[in-house]
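Worksheet for the structure shown next.
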Amino acid sequence: MVLLRRIMRRCSNTNVLGKQRNGRIKIDIALDSNNNNIKNSLKVKKTRRRELELAELFGSNKTKQQQHELPVEIIANVLSFLKFEEMVCEIWSSFEKLDKALCRVESIRFVLDDKNSDHKLRFAESHLKNLPSIHLALLQTVDGISSDLIRGFLTTSPMLKHFSFKHYCYDFGTYNSATASRYHDVSAALEPIGNAADLKSLKLVRCRFDCVVDIIRLLQNKTQLKSLHLSDTRFGKYSHYPRPCDCNILSSHIATLHNLEELIVSNGWSMRHFDAETVFSNLPCLRKLVVENATDASLVSAARYCPNIEILELRDCRTLTLYGIMEVLRCCPIQTLFIDDFRGTGCGIVTVKELCRSSSRRRCNTLTHLTVNAGLWLDDVTTPTLSNEEKARLMKEAAASVSSGRVTLEVL
């Protein structure tokens, strides 16, 4: 906010240079003073003091001339860093340039809760149009949020590039009619996303759909999509996890996303039920892969068709062996490897050394961060029982030794 004050005080001595970028304006602020150019981002704290400072800077107590002197571009830049509630508060209601500034806002993040959710959506639909980036969050306690209002708001941004929807629900795993209603059905609400042909990132966390076809509709004609994140997805009346047939059907549609660089399908999506050969054979640009329940065969397919993977996170690895993991390390420039819930076959020191060596054979020592669980070290009757702390210490020393300090090991 100190930064905001400096902008206001020197508004008359400020040159605002607007650079056109895809119909939006990127702002460069150059001050005609001895001070350095403003480079830090505007960071807003969730306090009453901040509201008072906003009122002092932009409130109705300012004269029309003072309000007029502040360029629209700066107003838009400030609005982009505000909470939604602050954006629509009375401080701005009398501001003559508010509507023009709202048209230049590039990103909006707000939470739909029990308080004024309908008002938020109606205001957003009327004033925040053609947004490149929308991030919505839904609280568990919300009851009766209108899918029509969400759909109406999303319809006003046909050129959407980045979208995320997250439902804060904390009792997944219970399947009955009493709890199913807590998982918001977004099938109808997110229909406009299916028409966003320029979408580059799509993140859906803890969402419920009628069936997998609803997700397929969202992925149609997404040739520009670079990041897909599906986590804790539920289907049907009783909010069940994706079935094997759902994973198999979705495989061919993920395969159409040829420019995908980041694929995250976890927390209910089992990789062993996907057609890995179909999925990975069409994703040559993939750089980050996060999956659960992977098999050796699925990792071999990823290694064969996706030679640019740099980040690999494997969760719930109870059906996986070292063969599949090391195949990816040998074929891809893996920099970060995360292995969770993996059961080793012997001494963890030997396994860690083998993982570090595998990344050195073809790719010039790319692995730098390795995370494993304590279960990587399997105790047997021929070795003394060690504490998890001692196992972690020995495995870290082994990783540092065999990689000459290149690999940092973390033991969960």
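The values are calculated or read from the model by the stated rules, or taken from the named source; none is laboratory data. Just so it is clear, the model here is predicted, and its values are computed rather than measured. Cβ coordinates were reconstructed from backbone atoms using ideal geometry, including for glycine residues, and neighbour counts include every protein chain displayed. When the accessible area is computed, the model is the full protein with side chains, heavy atoms only, and any ligands, DNA or RNA have been set aside. Shrake-Rupley method; radii C 1.70, N 1.55, O 1.52, S 1.80 Å.
Table for the structure above
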item	result
Length added when fully stretched, ARG393-ASN365, from 0.36 nm per residue minus Cα-Cα	7.8 nm
Region 201-307 - convex hull of alpha carbons, volume per residue in Å³	78
Length released on extending from ASP210 to ARG109, taking residue separation times 0.36 nm less the Cα-Cα span	33.8 nm
At most 15 other Cβ within 10 Å, DSSP loop - trypsin sites (Lys or Arg not before Pro), region 281-346	ARG318, ARG343
Cα-based Rg of region 260-412 normalised by 2.2 N^0.38 Å, two decimals	1.01
FRET efficiency for THR408 and THR385, using Cβ-Cβ distance with R0 set to 25 Å, rounded to 0.05	0.40
Efficiency of FRET from Cβ geometry, SER147 and GLN224, R₀ 30 Å, rounded to 0.05	0.70
Per residue solvent-accessible surface (Å²) - region 308-348, probe of 1.4 Å	38
